[in-house]
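Enquirer: This is the structure, below, for whatever I ask next.
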């Protein structure tokens, strides 16, 4: 028995040593490679605070709003738990969006890391679903009407759409059954995400990390500890500082004031908007006049990321050596911010036109510019050499 325990202990220590201490890392990694570790820390924060919040939360339409206020006012440090969880979701998305844009800039999705990239996109999709369900739980005005609007979108799917909506609602409208389902799924999903992150890390360590130059660096690596953990530690300190400033000085800045009004099915808010991290995709949805077309465009704006490794045609990985592609990348970044701004504006001109132009560029970038620029670069390389 003791030898079996000793073997398991040695095996566990070997895993920690191979993946956190002696893990061979490219010698030229920058601070931009710290976003992955920060995303894992954000998930841990969300799971821990979520577990403690669930101890006091009541998933019932008559009690949910009051239970959140009870947590804020009566539970010891409940305000801190609630604000950490709510703002932690925003910080999580800031880190993940930075992680995604860094990967796109440096070509981390290109072979042999296409499976690593696809697993990350799946994690991102589950994050969005989890965040949406969590936004419903406070049962304020924006929670209720956001759930009503978003779940109704599934009705646009031919044949099976109405059945999906009925299943999501658990009845004929957004009601108590809906809240219970969303609470149950919201509690379980972070653990599913944690499992997928283990797979994600395994795939990362299988093919190794990319690097700013985008070159294979199998012969020029050093151990993660003590060289690169310092960069992750510094990034963590910066993250904690920014998180603390938001948490203690402006905890409601990233939320919507209407969510401090109890849900009222008889009173529709003047302007229904989701959380800020959904706004770019919400702008895509609203840019298409047709309901089914809007749903397809919004879903396509996310799913298209899965096909990015297979759309790419360039033989060069990093934007460091792709000046033309680098310009288009920054246009994409600006376009994403523009769509985020449009997503919170009212549906009227000129916002509708700007949103349509932004949506058009978003899809042109992935479907046309990435393969076209890659082909052009390959031709120029052949011509030069």
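None of the figures in this text is laboratory data; all of them are computed from the coordinates on show. This structure is a prediction, so every number in the text was calculated from the model and none was measured. For neighbour counting, all protein chains shown are included, and Cβ atoms are generated from backbone atoms with ideal geometry for every residue, glycine included.
Enquirer: Cα atoms only: what Rg and Dmax, in Å, come out for the chain?
Expert: Cα only, the chain: 22.7, 73 Å (Rg, Dmax).
Enquirer: Also, quick follow-up: So if I take the alpha carbon set of the range 113-159, get Rg, then get Rh from the Kirkwood formula, what is the Rg over Rh ratio? Present the calculation step by step, with values, prior to reporting the outcome.
Expert: Working: Rg = 14.3 Å, Rh = 12.4 Å.
Ratio of gyration radius to Kirkwood radius: 1.15.
Enquirer: Which value, in Å to one decimal place, does the Kirkwood hydrodynamic radius take for the range 278-343 when every pair of different Cα atoms is included?
Expert: Values: mean 1/r = 0.0749 Å⁻¹.
Kirkwood hydrodynamic radius for the range 278-343: 13.4 Å.
Enquirer: Something else: Highest mean first, how do 271-281, 327-337 rank when packing is the count of other Cβ atoms within 10 Å averaged over residues?
Expert: The most tightly packed comes first, giving 271-281, 327-337.
Enquirer: For the range 63-121, report the convex hull volume of the alpha-carbon atoms normalised per residue, in Å³, without decimals.
Expert: Once divided by residue count, the hull of the range 63-121 is 94 Å³.
Enquirer: Next up: What translational diffusion coefficient, to the nearest whole µm²/s, does the range 140-258 have by Stokes-Einstein, given a Kirkwood radius computed over alpha-carbon pairs, a temperature of 37 °C and 0.692 mPa s viscosity?
Expert: For the chosen part, D equals 169 µm²/s.
Enquirer: Evaluated at 25 °C with a viscosity of 0.890 mPa s, what Stokes-Einstein diffusion coefficient in µm²/s does the range 275-385 have when Rh comes from the Kirkwood expression over alpha-carbon pairs? Walk me through the numbers on the way to the answer.
Expert: Working: Rh = 15.0 Å.
D = 164 µm²/s.
Enquirer: What are the semi-axes of the equivalent ellipsoid for the range 333-385, taken as the square roots of 5 times the Cα gyration tensor eigenvalues, largest first, in whole Å?
Expert: Semi-axis lengths for the range 333-385 are 34, 9, 7 Å.
Enquirer: First measure r as the distance between the Cβ atoms of residue 44 and residue 347, then evaluate 1/(1 + (r/R0)^6) with R0 = 41 Å and state the FRET efficiency to the nearest 0.05.
Expert: It comes out at approximately 0.60.
Enquirer: Of all the C-alpha pairs in the range 44-91, what % are more than 16 Å from each other?
Expert: 33 percent
Enquirer: Here's a follow-up. Return the whole-Å distance between the Cα centroid of the range 24-55 and the Cα centroid of the range 310-365.
Expert: Measuring centre to centre over Cα atoms gives 27 Å.
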